[in-house]
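The values are calculated or read from the model by the stated rules, or taken from the named source; none is laboratory data. These numbers were taken from a predicted model, which means no experiment stands behind them. Using ideal geometry, Cβ is built from the backbone for each residue, glycine included, and neighbour counts are taken over all protein chains shown.
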Amino acid sequence: MAEIWENTFRRRQAIWGFEPAHSAVLANDFFLEKAVKKILVPGIGYGRNAHVFARNGMEVTGIEISGTAIELARRQYGTSIAIFQGSVTDMPFDAAVYDGIFCYGLIHLFDRQERAKLIQDCYRQLADGGYMLFTAISKQARTYGQGRLISKDYYEVFDGIRMFFYDQDSIDEEFGDAGLFETMRIEEEYPFFLIKCHKGSDSGQA
């Protein structure tokens with residue numbers, strides 16, 4: 001998987017530009033409203049969706065598997081964002097807790113077991129009272145149902161890349177024990193969900 005992502009990123013460096021995605025802007029506004037100060041960004045890529053948090057005074061830490069992406073982030077943003085190199089499937093990379101987590105366009109790239117682990121690992125690194133926001137591809141995407149079917153709603157769509165396509169039922173099932181409190185539909189490069197979870201005293205995993 002690491003080799004697939006490295007090769008994919010080398011072919012598509014900065015294909016999305018350096019402006020943050022709309023969901024990252026919404027997440028930034030939400031985190032500012034909630035006075036979130038310390039952010040973890042699993043799958044930070046080359047930093048375009050994390051820089052919006054840093055430039056608004058938040059302390060940002062990222063996790064990224066691609067050395068090429070990290071190098072580009074360093075060239076573009078310097079050392080203002082701390083980045084661990086490795087797969088999010090190997091979380092945690094530190095013992096810190098964060099009051100905000102933003103995970104963009106990543107969770108749907110994993111199988112069921114990996115998705116469950118990512119949600120659990122993020123929730124465990126979330127401070128009490130903290131918020132985590134995920135974006136995930138919707139079954140409304142034109143690529144849904146295309147490619148090789150692996151399991152229900154999970155397809156190999158291109159170049160060895162696999163995607164799980166979410167609907168509200170699967171969001172409720174996978175995020176329900178992680179303080180899920182709101183789901184929004186949002187248009188990015190694909191139709192996405194913006195999934196919001198809160199670590200309150202009456203929610204969450206053990």
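Remarks
- So GLU174, is it surrounded by fewer than 16 Cβ atoms within 10 Å (Cβ to Cβ), closer than 13 Å to HIS108 by Cβ and acidic (Asp, Glu): no
- Residues in segment 46-57 that are closer than 15 Å to ILE101 by Cβ, assigned to a loop (DSSP other than H, G, I, E, B) and of a type outside the set (S, T, N, Q): ALA50 alone.
- Residues of segment 128-184 classified as under 23 Å from HIS22 (Cβ atoms), basic (Lys, Arg) and modelled with pLDDT under 95, total: 1
- ASP94 falls short on exactly one of the conditions (1) under 14 Å from the mean Cα position of the chain (by Cα); (2) free of Cβ contacts under 8 Å to residues at least 40 places away in the same chain; (3) part of a loop (DSSP other than H, G, I, E, B), and that condition is (1).
- Residue ID - farthest from TYR98 (Cα to Cα), chosen from residues in segment 30-45 that are touching a residue at least 12 places away in the same chain (Cβ under 8 Å) and part of a loop (DSSP other than H, G, I, E, B): GLY45
- Filter result (over 20 Å from ALA35 (Cβ atoms) and charged (D, E, K, R)) within segment 49-73: GLU64, GLU71
- Of all residues in segment 63-91 being in contact with a helix residue (DSSP H, G or I) (Cβ under 6 Å, 6 or more places away or on another chain) and part of a loop (DSSP other than H, G, I, E, B), the one that is farthest from THR135 (Cα to Cα): SER80
- Here GLN125, GLN140, GLN168 are screened, and the one residue that is on the phi < 0 side of the Ramachandran plot and without any contact (Cβ under 8 Å) to a residue 40 or more places away in the chain is GLN168.
- Among residues of segment 94-136 being crowded, with 20+ Cβ neighbours inside 10 Å and of a type in the set (Gly, Ala, Ser), the one that is nearest to ILE195 (Cα to Cα) is ALA136.
- Subset of segment 99-131 [charged (D, E, K, R) and either in a helix (DSSP H, G or I) or within 15 Å of ALA35 (Cα to Cα) (or both)]: ASP99, ARG112, GLU114, ARG115, LYS117, ASP121, ARG124, ASP128
- Positions within segment 74-93 being surrounded by fewer than 19 Cβ atoms within 10 Å (Cβ to Cβ) and under 18 Å from VAL36 (Cα atoms), in sequence order: SER80, ALA82
- Sole exception among (1) of a type in the set (Phe, Trp, Tyr); (2) part of a strand (DSSP E or B); (3) touching a residue at least 40 places away in the same chain (Cβ under 8 Å); (4) in contact with a Cys (Cβ under 9 Å, 6 or more places away or on another chain) for PHE175, by number: (2)
- Here VAL60 meets each of (1) farther than 30 Å from SER151 by Cβ; (2) within 13 Å of the chain's Cα centre (by Cα); (3) not in a loop (DSSP other than H, G, I, E, B) with one exception, condition (2).
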